[in-house]
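Trainee: Sharing a structure, written as structure tokens. Questions coming.
All of the numbers you see were taken from the coordinates with simple rules; none came from a lab. Computed from a predicted structure; not experimentally measured. Methodologically, a virtual Cβ is constructed for each residue, glycine included, from the backbone with ideal geometry; neighbour enumeration extends over all protein chains shown.
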Amino acid sequence: MIEIKKDSFSKLFLIYFDKRMFKILLLGAISGFPWVLIGSSLSLWLKEDGLSRSTIGWAGLIFGVYAFNYLWAPLVDRIQIPILTKKIGHRKGWIILMQFLILTSLFLWSIIDPSENLAIVITVGLLIAVASATQDITVDALRIEQIGENEDKSMAAGAAMAVVGWWSGYKLGGVISLFSAEYLERLGFEDYWQLTFLILGVFIILMNIGLIFINESDYTERQNKQSETDKLISEKFKNKNLFTQFATWIGSTISGPIISFFKKNGFSIAMGILGFVFLFKVGEAFLGRMSIIFYKEIGFSKTDIAIYSKTLGWITTVIFTLLGGLFVIRSGVLKAMFLAGIIMASTNFLFSILAWSDKSEILFAIAVIFDDIAAAFATVAFVAFISLLVDRSYTATQYALLASIGTAGRTTLASSSGALVDWLNGDWGLFFVLTALMVIPSLILLWIIKDKLKLSEK
């Protein structure tokens with residue numbers, strides 16, 4: 001066990017009061033909020049409209065968009081949004097545009113009946129996912145660029161604040177969503193979910209007002225470095241024409257970040273990193289995809305879920321994310337990753353106990369608290385880990401590549417979570433045992449490559 005002295009602990013905690021951390025907190029909230037819309041809100045909306053567990057589980061495939069956002073991340077790194085880029089900055093211009101698309105989608109949901117227009121509901125959800133996945137590319141880049149390249153402690157603290165922000169956007173968004181839906185339902189509104197989506201739109205607007213006050217680094221330096229790659233590729237062409245210019249730009253934009261990543265780490269280690277990132281949080285995703293359905297089936301109301309899973313969960317997440325950030329700073333990101341994996345696996349067993357017991361608010365609260373502790377610790381370690389791997393010349397693209405691969409594992413595999421519960425004949429206890437075991441392959445892979453990783457930790 002690693003001891004943290006009282007004085008050094010207090011000194012380390014002061015790093016969170018850096019004004020840059022509060023900006024990172026807001027960026028995290030902007031990133032996390034859309035997950036409420038296409039996650040718990042959509043799932044419960046469909047559940048209360050009479051759709052099956054399998055249908056709800058497969059609807060989660062829209063999260064798969066996050067697994068592929070690296071494909072257009074290079075374009076986000078280089079293409080400027082007309083007017084917006086000049087007015088508010090390259091990164092913020094992209095975020096504002098995507099937020100507008102999410103607001104438009106919420107309005108469309110507010111006028112749709114899912115029982116009659118399921119395909120349209122899922123299509124709009126897909127649009128939200130695309131916009132959210134696109135904004136995450138530039139949100140993560142803007143977050144990393146708030147911290148200097150050699151400020152490793154600040155990077156770990158920034159990762160913690162980003163996670164706190166993400167979970168704040170996700171958890172508090174969930175509280176607003178569930179309480180609003182419950183209140184409007186009790187008032188007798190048949191379309192209570194549709195009205196709830198309009199309420200959620202107001203909070204998106206408020207967050208975007210705050211976004212305007214976040215500083216953005218000069219785009220010129222990145223342009224110059226990217227132009228150097230353009231020049232190297234251009235030299236390969238004998239003839240200079242419009243086609244070769246386009247080929248050069250595409251080649252540099254797409255291949256440059258990937259070549260840089262593999263060159264830095266070597267092919268075998270790079271593939272090991274990608275494999276670990278893909279597998280690490282699969283079990284957590286299986287649990288998360290079905291958790292709200294599980295709570296509903298064993299008899300908890302939307303208010304119960306809002307109090308225990310969202311409100312209490314948010315408080316727990318904030319506290320242990322900040323503590324997790326300090327642990328990462330003191331012990332290093334690799335030790336934190338191993339510990340996080342073990343904690344995630346252990347806490348999943350609590351849900352098995354809850355499933356095999358009678359409905360118990362105490363057990364529910366304990367399971368939720370420890371699951372949020374595990375998720376908070378794992379996420380801050382994971383974010384710090386991949387943040388230390390990126391090249392600043394391709395911040396958005398490389399972070400998106402790593403994050404999207406992690407998302408691929410969580411979304412593509414976890415989309416079968418509902419079908420797995422059905423295959424187990426509704427044995428939720430056994431389901432959660434299986435989710436606990438899913439982290440083991442990733443930890444084995446991390447152990448194999450740990451001594452050859454090139455992290456910028458000091």
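Trainee: What are the radius of gyration and Dmax of region 314-394, computed over its Cα atoms and given in Å?
Mentor: Rg then Dmax for region 314-394, in Å: 15.0, 55.
Trainee: My understanding is that a pair violates if its Cα-Cα distance is over 29 Å; which of K23/K450; K23/K452; K19/K452; K23/K281; K23/K171; K153/K281 do that in this structure?
Mentor: K23/K450; K23/K452; K19/K452
Trainee: Radius of gyration and Dmax for region 82-130's Cα atoms, expressed in Å?
Mentor: 13.9, 44
Trainee: If you take the beta carbon distance between L75 and S268 as r and set R0 to 30 Å, what does 1/(1 + (r/R0)^6) give as a FRET efficiency, to the nearest 0.05?
Mentor: It comes out at approximately 0.55.
Trainee: Still on this model: When averaged across all projection directions, what area in nm² does the alpha-carbon convex hull of region 49-197 cover?
Mentor: That works out to 11.0 nm².
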